[in-house]
Amino acid sequence: MPTIKTIIFDFGDVFVNLDKPATERELFINHFNKKFPNIATKDFIKAWNSVILDFPEHRLEFIEKLSKESNYQLILLSNTNHLHIEQVIKNMSVSRYERFKKCFDTFYLSQEIHLSKPNPLIYEFVLNENFLQENE
């Protein structure tokens, strides 16, 4: 039986809680284009980020413990974009975000690598960048 050496985590709904229907609720998506053609950028960003909720402390403590044990290579792979990361940091504080980020050997945000899930290319990218085989 193979030994697990690497764990790849997602971010949303794994560490940070999400309210997935929030953006649609905030923007009234069905009527967005007709009723709000001149929506202010700050209002759009507020609606876009309404999906981001809290980051429970017990999840941060879990990943810190896992990281300190040094039994696994830890990778974060997330479709989180820059606007959402800014909101995550605002919600959880810079220091808690830095604590979280330093737990990972590698930290991939789809917007930075120009690939997104569920496209298989993003997984191939992570496997190749970290010299992993599919069965690792």
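Applying a DSSP loop filter and a limit of 13 other Cβ atoms within 10 Å to the trypsin sites (Lys or Arg not before Pro) in the stretch 63-136 leaves 102. Averaged over its residues, the chain has an accessible area of 66 Å² per residue, based on protein heavy atoms and a 1.4 Å probe. Calculated from the structure, Cα extents along the principal axes in Å equals which of (1) 41, 33, 29; (2) 47, 34, 28; (3) 57, 32, 23? Among (1) 41, 33, 29; (2) 47, 34, 28; (3) 57, 32, 23, the one calculated here is (3).
Determine, for the chain, the count of lysine pairs separated by eight or more sequence positions (or lying on different chains) whose alpha-carbon distance falls under 21 Å. Value for the chain: 20. Think of each Lys and Arg Cβ as +1 and each Asp and Glu Cβ as -1; about the Cα centre, that makes the dipole of the stretch 1-125 roughly 220 debye.
Suppose we keep just the DSSP beta bridges with both residues in the chain; what percent of those would be antiparallel, to 5?
On the way: 1 of 10 bridges.
Antiparallel: roughly 10 percent of the beta bridges in the chain.
Taking the 1.4 Å solvent-accessible surface of the chain as the whole, the part contributed by carbon and sulfur is 54%. When only the Cβ of Lys, Arg, Asp and Glu is charged (+1, +1, -1, -1), the dipole of the stretch 34-76 relative to its Cα centre reaches about 420 debye. In the chain, the calculated helix contribution to ellipticity at 222 nm averages -13000 deg cm²/dmol per residue, counting -39,500 (n - 2.57) for every DSSP H run with n ≥ 4.
Taking a ≥ b ≥ c as the square roots of the eigenvalues of the Cα gyration tensor of the stretch 36-90, is the shape rounded (a/c under 1.5), prolate (a/b larger than b/c) or oblate? The shape class here is prolate.
Ranked by solvent-accessible area (1.4 Å probe, protein heavy atoms only, all chains present), the residues 84, 58 order from largest to smallest as 58, 84. Counting only heavy atoms of the protein chains and using a 1.4 Å probe, residue 54 has close to 80 Å² of accessible surface. Using Cβ point charges alone (K and R +1, D and E -1), the dipole size of the stretch 77-121 about the Cα centre works out to roughly 160 debye.
The values are calculated or read from the model by the stated rules, or taken from the named source; none is laboratory data. This is a predicted model, so every value here is computed, not measured. Here Cβ is always computed from backbone atoms with ideal geometry, including for glycine, and neighbour counts include all displayed protein chains. Side chains are part of the model used for accessible areas, which takes the heavy atoms of the whole protein and leaves out ligands, DNA and RNA. Shrake-Rupley method; radii C 1.70, N 1.55, O 1.52, S 1.80 Å.
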